[in-house]
1. Between Arg60 and Glu39, with labels modelled 7 Å along Cα→Cβ, what's the label distance in nm to one decimal, could you check?
2. Relative to the Cα centre, what is the charge dipole magnitude of the stretch 123-211, using +1 at the beta carbon of each Lys and Arg, -1 at the beta carbon of each Asp and Glu, and rounding to the nearest 20 debye?
3. Could you give me the percent of Cα pairs per 10 Å distance bin for the chain, shortest bin first, beginning at zero and ending with the bin that holds the maximum distance?
4. Using the Cα centre as the reference, give the magnitude of the dipole from point charges on the C-beta atoms of the stretch 71-185 (Lys, Arg: +1; Asp, Glu: -1; all else neutral), rounded to the nearest 20 debye.
5. May I ask you to list the residues of the stretch 258-276 whose amide nitrogen lies under 17 Å from a point 7 Å from Cα along the Cα→beta-carbon direction of Ala364?
6. Taking 0.36 nm per intervening residue step and subtracting the Cα-Cα distance, what contour gain separates Asp240 from Glu78 on full extension?
7. May I ask for the angle, rounded to the nearest 10°, between helix 38-54 and the longest principal axis of the chain, with both axes built from Cα atoms and the value confined to 0 to 90°?
8. Find, among the GluC sites (Glu not before Pro) in the stretch 12-70, those assigned to loop by DSSP (not H, G, I, E, B) with at most 13 other beta-carbon atoms within 10 angstrom.
Amino acid sequence: MTENNNKPDKAWGGVFTEATDSRMERFSESISFDKRMYEQDIRGSIGHARMLADVGILTREEFEEIERELIAIKERIEQGDFKFSAALEDIHMHVERALTDKIGDVGRKLHTARSRNDQVSTDFRLWIRDAIDKLDALLEDLQKAFVGRCDGDFDVIVPAYTHTQRAQPVLAPHIWLAYVEKFQRDRERLADCRGRVNTLSLGAAACAGTSLPIDRTKTAEYLGFELIAANSVDVSSDRDFATEFAYDMAQIAIHLSGWAEDWIWQSTVEFGFLKLPQSFCTGSSIMPQKVNPDVLELIRGKTARVVGNLQSLLVLTKGLPLAYNRDLQEDKEPIFDSFDAVSASLELAAPIAARTVLNRESIAERLDKGYLDATSLMEYLIRKGVPQRSAHGAVGRLVRQGIDSGKALAEFSLETLQKECELIDESVYDYLGAANAVKAMKSYGSTAPDQVRFQIDSWKKRLGL
Ligand code: ARG
C-alpha cells in the first residue's frame, strides 16, 4: 500500500489534497495539555492490543512487540527523551506515530477497531479514576488531621456561630468533626462518581461500534473497568462523567474555602482563637509585624477557578449534538486545572489542620460573654413545663436585663431569675455558663461530651487511627 508522503505527519492524510494550515495546527492541537494522559493512553493501548490478540486480530508475537515498544515509549516520555509537536495534534497520535516509527506495519495494526473518539474517552476515564483515588487519599489525610487533634482539644469549649454571631457553646472537637463529616460526603461523592467513570468506552469506535470481532469484556477486564458502555453513540458524545467530577471537586473546594475563611478570621488579633503554623504563613514586605494566612487565602481564592471550571464543562457540553464533536477536546484543561488546585489545597490543608494551635486563654476569657447559655436556660424552663414560646420570651427579657446591667446569666441572683419565672430553682445554676450548657446537651449528634466522645471514637475506628 502506498502512503501519502506529502503529509507525513497526519493519520488521516488519504483523502486530503492540501496540507494543513499551520495556524489551524496551532489552534487545534491538544498535545500541550493532553500529554498529561500519556500513561493512561499507553495503558489503554496495551489493554486494547491484548484483547486484539485474544480474538486473533493480532498474533501473540505482534501483541508482545507492540506492548514492548509502548512500554519503551512510556519510559522515553518519562525520561524527557520524547519529541512532542503540534503537527501530531494529540497524545494518541504521538504514541501511535512513535510506535509505527519503531515497528512499522505491526504498529499500524494497533488502531484496529478503535477511533480516537473512544480512545480519548477511555484515556480520560482512566485519568479521572486515578485522580479520584488520589483525591480520596488526600481527603482521608485531612480527616485524620482533624480527628487526630480531637483528644487534645477535648476540654476546650468554643462558641459556635450562626450569622457570624455567637450562638451556642460547643466542644472544639465538635467543630473539627463538622469538617470531617463534610469531607466524608466529598469522599462518598467521589466514590459514587468513580462507579460511573469506571465504564469501558473502547469498542464504541467512532460512534457506531465495529464490524470486527472484538471482545469488550476482555478489554474491560484488562483495564479494570467494572462496566461496559452499552451505546456507542452515547460514548462518543458525552463527558458527563467529567462534569460530575468537576462538580465533586468544586464541592471539595467550597468546603475547603469555608474552613479557610473560619480559620482566617479566628486567627486575627481581634479573635485570637487560633495560632497558625508560621511555616504556612508569609510576612509583609513593608509591615514587619505581619504574619499573614496566605495559604488559607489562596485555598479560598482557588475555589473561584474550580467553580469556574465546572461552569466551563456545563457550558461546553450544552446543546452539543450527537455524537463526537471536537468541542469535547476542551474538556481536559478545566479538569486538570481543578485537580491541580484542589489536590494542592488538600495537601496543604492537612498539615495546617494538624499544627494550628488553639489559644485556650483567649477563648476561655470571653466564653461567658455573649449569652451562649441563653438556649440552655430556655430549655431548662421547657423542662419545668413552660411552653417554648413563653420560655423564649422570658429568657429574652433576662438577656436584655443582663445587657443593661453588664451581667452574665449565671451572675443573676435566684431572686431576679424567679421574678421572670417562679418555676426556676437553685438547680438552674447547673445549666448556666457555657460549660454547663455543653454538659446539659443530650441529643444524638449534639455537642454533648459523651456524644462527641462517641463520634471521635467511631471516626478513629473508621480512619484506622
Ligand atoms: N484530541 C481529541 C480530543 O481530545 C481526540 C479525538 C479526536 N477525534 C477526532 N475525530 N478528531 O477530543
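The values are calculated or read from the model by the stated rules, or taken from the named source; none is laboratory data. This is a predicted model, so every value here is computed, not measured. Methodologically, a virtual Cβ is constructed for each residue, glycine included, from the backbone with ideal geometry; neighbour enumeration extends over all protein chains shown. SASA here: full protein model, heavy atoms, side chains in, ligands and nucleic acids out. Shrake-Rupley method; radii C 1.70, N 1.55, O 1.52, S 1.80 Å.
1. 3.1
2. Details: 12 positive and 13 negative charges, 63 e Å.
So the dipole magnitude of the stretch 123-211 works out to roughly 300 debye.
3. Answer for the chain: a P(r) of 4, 16, 21, 18, 14, 11, 8, 5, 3, 1, 0 percent.
4. 340
5. Residues 272-275 fall inside that zone.
6. Here the answer is 55.3 nm.
7. 50
8. Filter output for the stretch 12-70: Glu18.
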